[in-house]
Amino acid sequence: MTTFPQLFTWGTATSSYQIEGGWQQGGKGLSIWDAFTHTPGKIIDASNGDVTCDHYHNYKEDIALMAKQGLKAYRFSLSWPRIQPQGHGKANKEGIEFYSDLIDTLLEHDIEPWVTLYHWDLPITLQLEYDGWLNPKIADFFKAYADICFDAFGDRVKRWITLNEAWVVVMLGYGQAVFAPGRESKTEPYIAAHHLLRAHAGAVDIYRKKYQHKQGGLIGITNNCDWREPLTDSQQDKEAAQRALEFFLGWFADPIYLGAYPPAMRERIPDKLPRFNDKDLNLIKGSSDFFGLNHYTTLYASHAEKEEQLDIDVYGNGGIAEDQYVNLSRNDAWPLTPMGWAIVPWGCRKLLHWIDQRYDHPAIVITENGCTRDDKVVDGKVDDQERIDFVRAYLNEIHTAIEQGVDVRGYFLWSFMDNFEWASGFTKRFGINYVDFDSGKRIAKSSAKWYSQVVKNNGF
Ligand code: GAL
């Protein structure tokens, strides 16, 4: 039996836009994702999050299902425009009540709420009036929004995550135009990233000054990173892999843990990288009580000598390729999920060690990991043994990392239920509970049953 540390947190995760629906209900304003999905051609199946899992109307049933499945922690996000329809100014009472009730319902069922303040659904007003994350003022708006949330929910919420995956926000939203707000630029990602870091730090500052001592919670940020394995043993490929990780996770974690953008970025793009002033840097450094990590996959990294050698469009997700001179590739032997993401469990262990060493042994919480499979309902059941195999294999590697001394404190499976998967719409199912999007019916997959046991036994 593989068991985990006694206080290990086991949970599942979701995000507001992906599950709530109720897009124009309860006084909610619109977000950039409402606009993006309603723009023809942006989402593979032309779908949107208007209704999705309709969690807005079903949250009590969903939480009852969580409780029935023995889940102990639940990570979800607040929709900023549901709380502040204009992105600034007065809070929307109905939005506060919705989340307040959701939190109470979780606590009644002994499920610990882990609340993300921003999982990509920026109020559209902030995009239209201020250019979203490109404007330095966004940090003040975010801070005011965070203040409202700490004040309204902090008596009951003891785990806060400021931002989900700033890398995705800037690379897919401002670099490659595949996510909202749909901008394509080789410079804007660095500016947006800078203001995301400033916004995160401002929110943490207000939590620490005004709330933490009396509410007694913890606050951190969740970043995402794939592992980058050197393609060969050559020094050049090793350096390329290191560079790729600095441009990916280091971009957001170095300022917080080490007080500066990573060396690879400072050397290669000194003119594109904005500079922090002393005040910002003081707030950013040390601004995370735990290291939130979303991890899904691994690629090889190799050195590219000249720009012509760069496979810029091949995988596209390693940051801005021309700035890194890294080529990404995969091993044909690695199985792929239907997302095209390679299943490489040991990559997770290596990444955990990399984080442990670089950031001086932080407390790491895996706030997302999971996979999509071609789930089908047969005789009223969904047998997703492949998902069980995936999660078991990743958990095994996480367990090994813990045994080797890495401080991993928790694991959140993505996702509690199938939902709107961004640009892939409803073509991909990540949940351990199957959702029939026509009837709204939830069906526990075999992975839900398996995961219940893992949580119950604190291992498998
Ligand atoms: C993450 C994201 C989630 C979910 C997941 C699977 O990047 O935070 O919202 O979509 O990937 O694609």
Return yes or no: is Asp104 open to solvent by 10 Å² or more (accessible area, probe 1.4 Å), in a helix (DSSP H, G or I), in contact (Cβ under 8 Å) with a residue 12 or more places away in the chain and out of contact with any helix residue (DSSP H, G or I) (no Cβ under 6 Å at 6 or more places or on another chain)? yes
Of all the residues that make up the range 326-343, how many are over 21 Å from Glu239 (Cβ atoms) and open to solvent by less than 20 Å² (accessible area, probe 1.4 Å)? 2
Based on what the data block shows, is His399 modelled with pLDDT of 95 or more, more than 27 Å from Trp120 (Cα to Cα) and part of a loop (DSSP other than H, G, I, E, B)? no
Name the pairs: first residue in the range 428-452 and assigned to a helix (DSSP H, G or I), second residue acidic (Asp, Glu) and more than 16 Å from the ligand (Cβ to nearest atom), Cβ to Cβ under 8 Å, at least 6 apart or on different chains? Ser446/Asp383
Return yes or no: is Ser79 of a type outside the set (A, V, I, L, M), buried (at least 24 other Cβ atoms within 10 Å of the Cβ) and modelled with pLDDT of 95 or more? yes
So, Ile443, is that one among the β-branched types (Val, Ile, Thr) and open to solvent by less than 10 Å² (accessible area, probe 1.4 Å) or not? no
Can you find a residue that is closer than 26 Å to Trp346 by Cα and of a type outside the set (A, V, I, L, M, F, W, C) anywhere in the range 208-220? yes
Is it true that some residue in the range 324-343 is basic (Lys, Arg), out of contact with any Cys (no Cβ under 9 Å at 6 or more places or on another chain) and at pLDDT below 95? yes
For the range 194-245, which residues satisfy the criterion of being assigned to a loop (DSSP other than H, G, I, E, B) and either open to solvent by less than 10 Å² (accessible area, probe 1.4 Å) or within 16 Å of the ligand (Cβ to nearest atom) (or both)? Gly217, Cys225, Asp226
How many residues, within the range 411-441, are closer than 19 Å to Tyr394 by Cα and either among the hydrophobic types (A, V, I, L, M, F, W, C) or under 16 Å from the mean Cα position of the chain (by Cα) (or both)? 9
Out of Asp62, Asp131, I need the residue that is of a type in the set (D, E, K, R) and surrounded by 19 or more Cβ atoms within 10 Å (Cβ to Cβ). Which one? Asp62
If I filter the range 19-26 for residues that are farther than 25 Å from Arg392 by Cα and assigned to a helix (DSSP H, G or I), do I get at least one hit? yes
Considering only residues of the range 7-54 that are aliphatic (A, V, I, L, M) and away from the ligand (no atom under 15 Å from the Cβ), which is surrounded by the fewest Cβ atoms within 10 Å (Cβ to Cβ)? Leu7
Counted residues in the range 148-193 being open to solvent by 50 Å² or more (accessible area, probe 1.4 Å), of a type in the set (A, V, I, L, M) and not in a helix (DSSP H, G or I) come to 1
Looking only at the range 206-233, which residues are under 22 Å from Arg75 (Cα atoms), in contact (Cβ under 8 Å) with a residue 60 or more places away in the chain and of a type outside the set (Gly, Ala, Ser)? Ile206, Tyr207, Tyr211, Gln215, Leu218, Ile219, Ile221, Thr222, Asn223, Asn224, Cys225, Asp226
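Quick grid of which residues meet (1) among the β-branched types (Val, Ile, Thr); (2) open to solvent by 30 Å² or more (accessible area, probe 1.4 Å); (3) more than 16 Å from the ligand (Cβ to nearest atom):
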site	(1), (2), (3)
Val365	yes, no, no
Glu368	no, no, no
Thr372	yes, no, no
Asp389	no, yes, yes
Ile402	yes, yes, yes
Asp407	no, yes, yes
Phe420	no, no, no
Val435	yes, no, no
Ser447	no, no, no
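The values are calculated or read from the model by the stated rules, or taken from the named source; none is laboratory data. Keep in mind that this is a model prediction, so the values were computed, not measured. Neighbour counts are summed over all protein chains in view; Cβ atoms, including those assigned to glycine, are modelled from backbone coordinates with ideal geometry. All accessible areas refer to the heavy atoms of the entire protein, side chains included, with ligands and DNA or RNA removed. Shrake-Rupley method; radii C 1.70, N 1.55, O 1.52, S 1.80 Å.
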